[in-house]
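Notes follow the structure.
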Amino acid sequence: PARTLRGRIAALLQATIVASSLVSAGLLAPATALAGTTANTLTLTSSAASVAKGASVTFTAKNSATAATGVVTFRDGATTLGTCTFSKGTCTFASTALAVGAHGIVASYPGDTVYAASTSAVSTSAL
C-alpha cells in the first residue's frame, strides 16, 4: 500500500504525527530550518585601513543578494567582535575596542531559507 501516492502520503502523515509527539514529550529535538542553496557573495569593507587607538572603525558587510535576511557576524580571528542584521543586503558594525596591532576581520553569514551561507574575504585593519 505504501507504493501508491495515497499510501506514501498516509505514511508521511503518520511519521509526522509520531515525530511531533516525540518532540512534545521532549524525546526528540525539533528540526531546524535548512539554509538555502542560492549562491551569494559577501563583501566586507572598513572605514579605514588604519586608525588611532580608541578611534571608531566601521565595518560594512554587503551581500550580492539584496533580499538576503539574517544576522552577519564580524570576527577577528576566533574572536567575535559583534553582529548586525541585514537591511536590503547591507549592514554595518562599528567598534572602538580593537587592540593595537594588525587585525584580520571577516564577516560571516549563516544563510537563510533561500540563500546559502557565505564568508567574506579578510579585511586587514591596523591600529
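How much length is gained on full extension from Ser87 to Thr119, taking 0.36 nm per residue of separation minus their Cα-Cα distance?
The Ser87-Thr119 span can extend by a further 9.8 nm.
Give me the extension gain from Thr4 to Val100: residue separation times 0.36 nm, minus the current Cα-Cα distance, reported in nm with one decimal.
That works out to 27.8 nm of additional length.
Within region 68-108, find all residues whose amide N lies under 16 Å from a label point positioned 7 Å from the Cα of Lys53 along Cα-to-beta-carbon.
96-103
Of all accessible surface on region 41-127 at a 1.4 Å probe, what whole percent is carbon and sulfur?
Carbon-and-sulfur percentage of accessible area, whole number: 57.
The values are calculated or read from the model by the stated rules, or taken from the named source; none is laboratory data. None of the values given here were measured: they were computed from a predicted structure. A quick note on method: Cβ atoms are made from the backbone with ideal geometry, for glycine too, and the neighbour counts reach across all protein chains shown. The area values use the complete protein model at the heavy-atom level, side chains included, leaving out ligands, DNA and RNA. Shrake-Rupley method; radii C 1.70, N 1.55, O 1.52, S 1.80 Å.
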